[in-house]
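One structure is given below, encoded as structure tokens.
The values are calculated or read from the model by the stated rules, or taken from the named source; none is laboratory data. All of these numbers come straight from a predicted model, not from anything done at the bench. Because the Cβ atoms are built from the backbone with ideal geometry, glycine has one as well, and the counts that use them run over all protein chains shown. Heads up: the accessible areas ignore ligands, DNA and RNA and are worked out on the full protein's heavy atoms, side chains in. Shrake-Rupley method; radii C 1.70, N 1.55, O 1.52, S 1.80 Å.
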Amino acid sequence: MSDTLHPAPGGSSRGGPTPADRGLPTVDISGWTCPAPLRDQPRVVMGHGGGGALSAELVQQIFAPAFGGEILAQLGDSAAVSLGGVRLAFSTDSYVVRPLFFPGGCIGDLAVNGTVNDLAMSGAKAAYLSCGFILEEGVEMPVVAGVADAMGAAARAAGVEVATGDTKVVEAGHGDGVYLNTAGIGLIPAGVDLRPQRVVPGDVVIVSGDIGLHGVAIMSVREGLEFGVEIESDCAALGGLVEAMLAVTPDLHVLRDPTRGGLAAALCEIATASCTGIVIQERAIPVPPAVANACAILGLDPMYVANEGKLVAFVPRDHADAVLEAMRAHPLGAGAAIIGEAVATHPGMVVAGTPLGGTRVVDLPLGEQLPRIC
């Protein structure tokens, strides 16, 4: 397929004006890099929001060049900025999960906990959030009230204040009930410097507990599937767990919450940014039987399934046992496990040891196995 688009004269292939007709710049995609499928997608596809390779290329090829800036170039879960002599973490996120209510939470819980967790991955304790509601005309008021109540309860539980907000309404058929956006700020403690560039060979990789619960919970409700036991989302605010870890040592190297793209995407991103290799052992990864069975039936890999209440940490080997003990003493880290280490070989690549004694490369997912899970 040619990289050059040829819309119908006087408009696009969908009948509307082209970007050039509206005075917008023309984007030349001929120089874009892998993955190749993006070259065949002159329009946005669902995979661009999946947290995988398509999302990364969208950011790297369109948004980052448009916005510029050294802080944005770090592409972390949140940005670490200095203002008035203090270090702040600043993050924003949007939520389009379907359905709005699911086992273990709703879009309101998700919006608060997701932004709190993004700040926590910089070591920050969330202080204030903003909240934007985008409502579809015709959505029932009790639904809106239920989401708002859940947000308030989640914010109080996380010790954060929703300090400002906004509301917009779109015509019926141009939304999906309720979409949310939250942004948050928090203080980063002195001596804490969490970023993938600090990962070095020998670092121990720890995951805080069972993976895959959120993605499978959403899928089971959305598709009406039953697996013999109800699977609940792990949606939770991780600020307290991170505080417990930092109390052991502020010298943690990087934290990441494996949401879209799952554990696999988080590890691949860290390997690339740190220029180190990562070796993990599949047997060591905590996958609950219900998630394993659901994924086996549906042909999914639990490592790529989203989480909303878990983190992965790269910890200096000298502190690994003490950090693991502190995690297991916290309710949200009771199932924490060491799953691997950073290595000097195969920089930028994640390799998994299989139960049969072999190895396989863990790739960054192209898109998302389960779209709209957050």
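Cβ-Cβ distances below 9 Å connect the following pairs, each with a first residue in the range 238-255 that is under 13 Å from VAL207 (Cα atoms) and assigned by the TED database to the domain that holds VAL204, a second residue that is open to solvent by 10 Å² or more (accessible area, probe 1.4 Å) and in a strand (DSSP E or B), and a separation of six or more residues or different chains: VAL242/LYS125.
Quick check, is GLY277 touching a residue at least 40 places away in the same chain (Cβ under 8 Å), surrounded by fewer than 23 Cβ atoms within 10 Å (Cβ to Cβ), farther than 18 Å from ALA336 by Cα and in contact with a Pro (Cβ under 9 Å, 6 or more places away or on another chain)? Here the answer is yes, as GLY277 does meet what is asked. Being open to solvent by less than 20 Å² (accessible area, probe 1.4 Å) and either assigned by the TED database to the domain that holds PHE101 or of a type in the set (A, V, I, L, M, F, W, C) (or both) holds for only one residue in GLY146, GLY132, and it is GLY132. Considering the conditions (1) under 23 Å from the mean Cα position of the chain (by Cα); (2) modelled with pLDDT of 95 or more, LEU300 is excluded by exactly one of them, (2).
Taking the range 156-235 and the strands (runs of 3 or more DSSP E) fully enclosed by it, the elements with 2 or more residues that are open to solvent by 20 Å² or more (accessible area, probe 1.4 Å) are at 161-170, 178-187. Given the condition closer than 23 Å to GLY262 by Cα and either of a type in the set (Ser, Thr, Tyr) or at pLDDT 95 or above (or both), answer yes or no: does some residue in the range 161-173 qualify? No: the range 161-173 contains no residue that is closer than 23 Å to GLY262 by Cα and either of a type in the set (Ser, Thr, Tyr) or at pLDDT 95 or above (or both). Does VAL254 satisfy the condition of being closer than 22 Å to GLY114 by Cα and open to solvent by less than 40 Å² (accessible area, probe 1.4 Å)? The answer is yes for VAL254.
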